[in-house]
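Just below is one structure, and these are the notes that go with it.
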Amino acid sequence: MTAHFAKIPGMDSAMAAVEDALREAVRVEDPYLGRLASHLIVAGGKRLRPAMAIAAGSAWGTGSQAEVVRAAVACELVHIGSLYHDDVMDESPQRRGVATVHTEWGNLQAIVAGDFLLARASEIAADLGSRPAKILARTIGRLCEGQIAEVRDTYQTERSVERYMTSISGKTASLFSAAAELGALVAGADEDQTAAAREVGEAYGMVFQIVDDILDLTGTVVRLGKPVGHDIKEGVYTLPVLLVLHGSYPGGERLGMLLGAEMDESHTSEALHIVRSSGAIEASINIAREWANRSRDAVGTARGRAAGDVLGNAAEALLASLG
Ligand code: GRG
């Protein structure tokens, strides 16, 4: 969890309960399936989606903390299930500092274990009620839609900023949105408050993905097994790249000639240099800041409560991490 969410009173104990419940959720008779399903749970991760659910429950809720923890667990299980699938699609060797499931056991095992995590998440959500179950099911659909939109646009230099935004809204923001909505809902928030939570989470998720995409282009070190420039090399053209391609930034024409197909190391370095020196990184940060402002504004009446204030500043804290 980021230090930012840890400022919320009660967050530490709630997150400890999430850890226990995550392990419990993948307890199964077959030890082989148990090892597959718990692999990335044990490996750690930032646990941002559960933290978002608990923060929202605390900002708007009056009800059961136990139910918020269960909602948080369901969201993290969906996240991990999607990572199992994503790592197969990406052929990633590492995740959360350990070998990926497909590298260790095989693609079939990774896909089915990912499905198993989704099934466990759905079971937990169904126990919380039909509305939470529907929110989670719809979110799983949005993750798939966002991911397919990205795959369809791979190596497409004509990918528009709008198409990029739609894709990241599905593949990333939707789960933060659901986490916040579910946290607030099961903690007893009313309709307006639940809608506010959903909006805070969605806008936070947009900032999260834009920042992640910027770091892929600007980072100086290998980040959690992904080398710098991984996205552009793999044909995933993210916000700064699209701004250079379609805006009036220097180097746009040359970048258009380099992209559109696989690149060797020297062309990748040249493309990265063009994007980094174009001004599009700064422009992308400004776009992310607009989303951060939306996230802060959506907190509305929860401002003044400790959790509301932390939530309101959470997206801006992601931007601050860019330095
Ligand atoms: C089967 C639910 C399901 C989905 C299939 C593969 C797929 C469709 C969607 C993948 C979506 C995806 C991987 C989006 C990226 C999300 C993202 C930013 C992951 C990294 O999140 P962090 O940094 O990771 O929070 P940790 O490990 O810290 O939790």
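Compute from the Cα atoms of segment 150-242 the Rg and the Dmax, the latter being the longest Cα-Cα distance, and quote both in angstrom.
Values for segment 150-242 (Cα only, Rg and Dmax): 15.6, 46 Å.
Quick one: compute the contact order of the chain, relative version, from alpha carbon pairs under 8 angstrom and 6+ residues apart, as a percent.
Taking the mean separation of contacting Cα pairs over the length of the chain, I get 21 percent.
Over 29 Å between C-alpha atoms is what I'm after, so list which of LYS46/LYS171; LYS134/LYS226; LYS7/LYS233; LYS7/LYS134 land there.
LYS134/LYS226; LYS7/LYS233; LYS7/LYS134
From zero outward in steps of 10 Å, how is the percent of C-alpha pairs of segment 153-204 spread across the bins?
In whole percents, the pair-distance histogram is 27, 38, 21, 11, 3.
Would you mind calculating the gained length between ARG276 and ALA3 on full extension (0.36 nm times residue separation, minus the Cα-Cα distance), in nm to one decimal?
Answer, rounded to one decimal: 95.4 nm.
What is the sum of charges around VAL207, taking Lys and Arg as +1, Asp and Glu as -1, for the other residues whose C-beta is under 12 Å from the C-beta of VAL207?
-2
Counting only trypsin sites (Lys or Arg not before Pro) that are in a DSSP loop and have at most 16 other C-beta atoms within 10 Å, tell me the longest site-free stretch of the chain.
47-323
How would you rank 106-112, 71-77, highest first, on the average number of other Cβ atoms within 10 Å across their residues?
71-77, 106-112
Cα centroid distance between segment 284-307 and segment 1-29, in Å?
Between the Cα centre of segment 284-307 and that of segment 1-29, the gap is 24 Å.
Efficiency by 1/(1 + (r/R0)^6): what FRET value for ALA119 and ASP12, r their Cβ-Cβ distance, R0 = 22 Å, to the nearest 0.05?
Working: r = 30 Å, r/R0 = 1.34.
Result of the calculation: an efficiency of 0.15.
Cα convex hull of the chain: how many Å³ per residue? Write down the numbers at each step before the final one.
On the way: hull volume 38.8 nm³, N = 323.
Per-residue hull volume (Cα only) is 120 Å³.
Which ³J(HN,Hα) values, rounded to whole Hz and listed in residue order, are derived for segment 165-182 from phi using the Karplus coefficients 6.51, -1.76 and 1.60 in 6.51 cos²θ - 1.76 cosθ + 1.60 with θ = phi - 60°, glycine and proline given as x?
Computed from phi, the couplings for segment 165-182 are 4, 5, 5, 6, 4, x, 6, 10, 5, 4, 6, 5, 4, 5, 4, 5, 4, 5 Hz.
For segment 230-312, just the Cα set please: Rg and Dmax, both in angstrom.
My reading of the Cα-based Rg and Dmax gives 17.6, 52 Å.
Bear in mind these aren't lab numbers, they're just calculated from the coordinates by the rules spelled out. Please read all numbers here as calculations on a predicted model, not as lab measurements. Note that we place each Cβ from the backbone using ideal geometry, even for glycine, and neighbour counts take in every protein chain shown.
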